[in-house]
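Chemist: Pasting a structure here, questions to come.
Bear in mind these aren't lab numbers, they're just calculated from the coordinates by the rules spelled out. All values derive from a computational prediction rather than experimental measurement. For neighbour counting, all protein chains shown are included, and Cβ atoms are generated from backbone atoms with ideal geometry for every residue, glycine included.
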Amino acid sequence: MSQPDAVDSVVLTVGNSMMGDDGAGPLLAELMSRSPVAGWTAINGGSTPENVVHQVRALRPARVVVVDAADMSLAPGEIRLIDPRQIADMFIMSTHNLPLSFVIDQLTEDVAEVWFVGIQPDVVAFYFPMTEKVTAAVNTVLQRLGDWRGDGGFPWLVADEGAA
């Protein structure tokens with residue numbers, strides 16, 4: 001059995017589409033399945049992204065962008081890059097079985113470029129619809145993928161940002 005050809009870039013989406021804005025990641029995967037972005041493959045990790053790390057590794061991508069709702073104490077719909085090495089040290093809302101730092105550590109063993117894009121949620125509760133601001137943020141991420149360079153043009157989360 002031959003190895004599949006390596007892909008350039010993978011979006012690993014994370015979240016639960018039944019929990020309002022936590023469905024930001026799965027919405028991005030759904031949009032990409034309907035309208036693929038050249039050079040990108042989407043893998044929906046849902047609430048257990050650790051279960052699809054092997055799928056990402058099998059593609060041998062040069063770049064992985066992990067997209068998830070992340071409580072960063074910002075305005076709903078704000079998008080930030082979060083340093084993957086700092087995820088374990090930060091208190092980031094998680095509805096997932098294992099911390100994202102575990103998944104990102106696994107990915108960095110095989111992938112040269114791993115980015116974490118957080119979208120600030122507003123409402124995370126069972127059976128609530130996704131808010132307009134988070135839906136707009138997902139569309140912004142989708143639009144930026146097509147000509148992603150470096151950090152994708154997203155601002156970095158800074159330690160004192162969003163502090164009350």
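Chemist: Would you tally the net charge around residue 56, using a Cβ to Cβ cut-off of less than 14 Å, leaving residue 56 out, and scoring K and R as +1, D and E as -1?
Modeler: Surrounding charge for residue 56 is -3.
Chemist: Using each residue's phi in segment 37-46, evaluate 6.51 cos²θ - 1.76 cosθ + 1.60 at θ = phi - 60° and report the 3J(HN,Hα) Karplus result to the nearest Hz, with x for Gly and Pro.
Modeler: With coefficients 6.51, -1.76 and 1.60, one gets 9, 3, x, 10, 10, 9, 10, 8, x, x Hz.
Chemist: How do 123, 53, 141, 158 rank when sorted from fewest to most other Cβ atoms within 10 Å of their own Cβ?
Modeler: 158, 123, 53, 141
Chemist: Averaged over all directions, how much area does the convex hull of the C-alpha atoms of segment 1-82 cover when projected, in nm²?
Modeler: Over all viewing directions, segment 1-82 projects a mean Cα-hull area of 6.3 nm².
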